Amino acid sequence: MEKIIKILLLEDNPNDAELIHYQISKSIIKFQFKHVSELNDFSKAIEEYVPDIILSDYNLIGFTGLDALELVKQKCPVTPFIIVTGTINEETAAKTIKNGAWDYIVKERLTRLNSVIKNSLELKDEKEKSEINKKKLKISEERFKLAIEGSQDGIWDWDIKSNNMYLSSRWKSMLGYKDNEIESNYEFWKNLLHPDDKNFILDELNKHLGKKTQYYKVEARMKCKDGSYKWICSRGKAIFDKNSNPYRLAGSHTDISERKLMENELIKTKEQAEESDRLKSAFLANMSHEIRTPMNGILGFADLLKEPDLTGEQQKNYIEIIKKSSKRMLNIINNIVSISKIESGTIDINLSEINLNDQMKFIYNSLKLDAEKKGLDLSYVNFITNEEAFIKTDCEKLYGILSNLVKNAIKYTDHGKVVFGYVKKDKFLEFYIKDTGIGIEKEKQQTIFERFIQADIIDKKAREGAGLGLSISKAYIEMLGGKIWLESKIGLGSIFYFTIPFDTEKIKLNKKNENKKNKILLKKLKILIVEDDDSSNLYLATVLKKINAKILIATNGSEAIEISRSNPDLDLILMDVKMPIINGYEATRQIRKFNKSVVIIAQTAYGLAGDDKKSIKAGCNSYIKKPILKDKLFSLINQYFGKYQSVS
């Protein structure tokens with residue numbers, strides 16, 4: 001049966017007494033607790049209560065802890081007496097220890113209380129097993145005085161001349177040993193040191209024994225009984241004879257494994273943060289270049305178009321450069337918007353039925369010219385027939401993934417070929433994009449899928465691009481239920497693989513006639529352009545003059561509602577969704593309350609998946625994303641109005 005420890009507390013502050021009782025209650029020992037505040041009650045309790053351990057405040061009303069200590073020394077000299085005080089200086093602390101106190105604790109560090117009680121009870125048991133004499137009492141006083149200068153967890157005391165060591169029960173249990181399972185000598189202790197730490201520990205020990213340091217203190221690993229290692233903080237102080245030769249070294253051990261683990265985690269976090277900052281700085285520098293380069297092409301050649309002596313061929317070349325630079329800028333903006341949506345978790349999957357082989361052919365045709373300009377052979381391979389190639393997936397995201405990976409292959413290949421295709425494996429389609437390009441170093445093959453990273457950015461060779469494409473592709477693939485990986489060798493090329501589910505579930509699609517572009521209307525349309533940007537207004541008005549339309553302009557949602565109300569004969573409204581005062585969605589809802597028949601086409605600069613559904617829900621008939629190309633706009637208008645004739 002486990003012994004119940006009887007604790008007597010001498011304390012004149014009830015709040016402090018309650019805190020001390022609460023701290024002890026968190027220990028694993030079973031105990032009885034008695035609290036007194038007067039010296040007479042204390043004297044009586046010593047005789048009647050017979051405590052196993054005594055805790056006493058130092059500053060009491062009318063007397064001190066030293067007075068209580070003298071009473072204890074007379075009535076129960078082998079009972080541990082521990083000072084628990086609010087403030088105590090080194091001189092007073094030394095005085096209490098010299099007068100016979102076993103230890104002292106500052107109330108601000110009550111977390112040490114249970115450890116001190118346990119150590120004191122262990123020492124009491126050791127004392128009761130041996131014959132107490134004046135010499136051993138003196139050694140005990142010296143031992144605990146030295147232990148105060150170290151921590152209070154595990155106590156050790158080394159007799160340097162005999163090489164014998166005293167190791168407390170807590171010292172042994174800290175490493176998983178019982179009292180009789182460890183040899184208390186210097187050699188055994190030395191064998192417990194981690195091989196990588198041993199030389200450092202012995203160097204620090206010799207420095208202290210040579211009086212080069214005031215204290216002995218090391219943080220190192222020690223071997224446990226089960227073979228594992230713990231981080232231990234060992235503190236101690238040597239005693240020297242009159243000839244300055246050390247004859248004793250005593251101190252304490254503290255288990256700091258948890259603290260070391262936290263430190264290592266903090267170091268890792270710091271390194272990751274520094275790496276993140278480095279990558280973001282590299283990204284911002286690269287992004288600045290990527291934005292300024294096409295802007296230079298746009299602004300520079302737009303300015304050159306003002307030159308009076310330009311030939312028609314020069315004007316055509318300048319306009320082509322402006323268009324190419326604009327497309328590059330638009331691609332950068334789209335990538336930034338996409339990655340922002342991915343990180344905020346606001347991007348959706350929009351499933352539809354597509355012909356996979358048509359998609360492969362479209363990507364091939366759209367990128368063939370880029371490959372030919374570099375002298376590369378671009379080809380693709382379809383695994384299944386056109387009749388079987390209808391699958392259900394997010395068309396926009398699959399196009400983005402494939403086009404991005406093929407573009408990358410072309411960009412990083414200077415000679416040879418690029419081949420892309422797919423095969424069917426169980427319930428998945430496995431796509432591949434193979435090139436004979438520069439290849440990717442093995443240690444960089446995972447990091448290239450992270451935000452803002454290009455494989456060769458560290459070598460300052462990063463080619464055109466913001467470093468977001470692979471990250472976006474990886475996110476899209478995972479959203480579709482697949483995964484992405486690669487194989488690559490430096491100088492020999494790379495193969496990127498990714499999978500998506502092979503879903504052949506058929507859904508009904510509204511088949512639209514795609515051969516209607518380059519048509520204009522015989523009917524003269526009345527069109528309201530709702531747009532707050534002057535240049536966009538001018539562009540749309542100029543384009544729509546080609547179909548002989550009557551144009552009205554609104555620069556905010558509120559104006560759009562009023563103009564629509566005043567013109568019930570409107571045929572078409574081109575509604576920008578991002579508008580001041582009232583946005584385009586709300587303006588559409590208001591207009592639909594009094595005009596159900598007018599055709600409303602939403603226009604947006606975002607161009608994100610799901611915006612089309614949001615526009616239709618608000619009451620729009622259709623949706624077009626900026627930049628608005630003339631042929632696409634005419635094709636969309638032609639779906640809703642009258643008879644047609646070809647453009648001359």
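The values are calculated or read from the model by the stated rules, or taken from the named source; none is laboratory data. Keep in mind it's a predicted model, so treat the numbers as computed, not measured. In this analysis, Cβ positions are derived from the backbone assuming ideal geometry, glycine residues included, and neighbour counts consider all displayed protein chains. The protein model used for the area step is the full one, side chains on, heavy atoms only, and it has no ligands, DNA or RNA in it. Shrake-Rupley method; radii C 1.70, N 1.55, O 1.52, S 1.80 Å.
Filter region 477-491 for residues that are in contact (Cβ under 8 Å) with a residue 24 or more places away in the chain and either of a type in the set (A, V, I, L, M) or open to solvent by 60 Å² or more (accessible area, probe 1.4 Å) (or both) and give the result.
Residues of region 477-491 in contact (Cβ under 8 Å) with a residue 24 or more places away in the chain: 477, 479-480, 482, 484, 486, 488-491.
Within region 477-491, 477, 479, 480, 484, 486, 489, 490 qualify.
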(message) Name the residue that is nearest to residue 55 (Cα to Cα), counting only residues in region 75-123 that are among the β-branched types (Val, Ile, Thr), open to solvent by 20 Å² or more (accessible area, probe 1.4 Å) and within 47 Å of the chain's Cα centre (by Cα).
(response) 106
(request) Restrict the check to region 336-357 and report whether at least one residue is buried (at least 17 other Cβ atoms within 10 Å of the Cβ), at pLDDT below 90 and under 24 Å from residue 423 (Cα atoms). (result) yes
(request) Identify all residues within region 209-224 that are part of a strand (DSSP E or B) and open to solvent by less than 50 Å² (accessible area, probe 1.4 Å); write none if there are none. (result) 216, 218, 220, 222
(request) Select from region 372-397 the residues that are touching a strand residue (DSSP E or B) at 6+ places or on another chain (Cβ under 8 Å) and in a helix (DSSP H, G or I) and write down the one among them that is surrounded by the most Cβ atoms within 10 Å (Cβ to Cβ). (result) 395
(request) Specify the residue that is least open to solvent (accessible area, probe 1.4 Å); the eligible residues are those in region 3-39 that are without any contact (Cβ under 8 Å) to a residue 40 or more places away in the chain and assigned to a strand (DSSP E or B). (result) 36
(message) Take the conditions among the acidic types (Asp, Glu) and touching a strand residue (DSSP E or B) at 6+ places or on another chain (Cβ under 6 Å) and apply them to residue 204. Does it pass?
(response) yes
(request) Collect the residues in region 570-598 that are within 18 Å of residue 526 (Cβ to Cβ) and open to solvent by 90 Å² or more (accessible area, probe 1.4 Å), keeping them in residue-number order. (result) 596, 597
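Could you please find all residues in region 398-446 being outside any strand (DSSP E or B), under 30 Å from residue 352 (Cα atoms) and open to solvent by 50 Å² or more (accessible area, probe 1.4 Å)?
Of region 398-446, the ones outside any strand (DSSP E or B) are 398-416, 426-427, 436-446.
Adding the requirement that they be under 30 Å from residue 352 (Cα atoms) leaves 398-410, 426-427.
Of everything in region 398-446, those that are outside any strand (DSSP E or B), under 30 Å from residue 352 (Cα atoms) and open to solvent by 50 Å² or more (accessible area, probe 1.4 Å) turn out to be 399, 407, 426, 427.
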(request) Would you point out which residue out of 198, 212, 190, 172 is without any contact (Cβ under 8 Å) to a residue 40 or more places away in the chain and closer than 25 Å to residue 112 by Cα? (result) 172
(request) Look through region 184-196, keep the residues that are touching a strand residue (DSSP E or B) at 6+ places or on another chain (Cβ under 9 Å) and farther than 18 Å from residue 251 by Cα, and return whichever of them is least open to solvent (accessible area, probe 1.4 Å). (result) 194
(request) Mind listing whichever residues of region 40-65 are open to solvent by 60 Å² or more (accessible area, probe 1.4 Å), farther than 20 Å from residue 121 by Cβ and not in a strand (DSSP E or B)? (result) 40, 41, 44, 47, 48, 61, 62
(message) Please pick out the residue among 464, 487 that is of a type in the set (Asp, Glu) and at pLDDT 90 or above.
(response) 487
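Results for (1) touching a Leu at 6+ places or on another chain (Cβ under 6 Å); (2) at pLDDT below 90; (3) closer than 16 Å to residue 636 by Cβ, shown as yes or no for each residue.
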residue: 527; (1), (2), (3): yes, no, yes
residue: 534; (1), (2), (3): no, yes, no
residue: 537; (1), (2), (3): no, yes, no
residue: 542; (1), (2), (3): no, yes, no
residue: 559; (1), (2), (3): no, no, no
residue: 567; (1), (2), (3): no, no, no
residue: 574; (1), (2), (3): no, no, yes
(request) Pick out the one residue from 206, 243 that is on the phi < 0 side of the Ramachandran plot and either β-branched (Val, Ile, Thr) or in a helix (DSSP H, G or I) (or both). (result) 206
(request) Specify the residue that is farthest from the chain's Cα centre (by Cα); the eligible residues are those in region 225-264 that are more than 22 Å from residue 112 (Cα to Cα) and surrounded by 15 or more Cβ atoms within 10 Å (Cβ to Cβ). (result) 246
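Taking the conditions exactly as written (charged (D, E, K, R), without any contact (Cβ under 8 Å) to a residue 24 or more places away in the chain and more than 26 Å from residue 129 (Cα to Cα)), does residue 91 satisfy them or not?
yes
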(request) Of the numbered conditions (1) more than 30 Å from residue 230 (Cβ to Cβ); (2) open to solvent by 50 Å² or more (accessible area, probe 1.4 Å); (3) modelled with pLDDT under 85, residue 271 fails exactly one; give the number of that condition. (result) (1)
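Give the residues of region 207-224 that are of a type in the set (Lys, Arg) and under 35 Å from the mean Cα position of the chain (by Cα), sorted by residue number. Reasoning before the result, please.
Step one: filter region 207-224 for residues of a type in the set (Lys, Arg), giving 207, 211-212, 217, 221, 223.
If the condition is that a residue be of a type in the set (Lys, Arg) and under 35 Å from the mean Cα position of the chain (by Cα), then 221, 223 are the ones that fit.
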(message) The conditions are (1) part of a helix (DSSP H, G or I); (2) under 18 Å from residue 503 (Cα atoms); (3) open to solvent by less than 30 Å² (accessible area, probe 1.4 Å), and residue 367 fails exactly one of them. Which is it?
(response) (2)
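Table: residues versus (1) of a type in the set (D, E, K, R); (2) in contact with a Cys (Cβ under 6 Å, 6 or more places away or on another chain); (3) modelled with pLDDT of 90 or more.
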residue: 204; (1), (2), (3): yes, no, yes
residue: 221; (1), (2), (3): yes, no, yes
residue: 227; (1), (2), (3): no, no, yes
residue: 263; (1), (2), (3): yes, no, no
residue: 279; (1), (2), (3): no, no, no
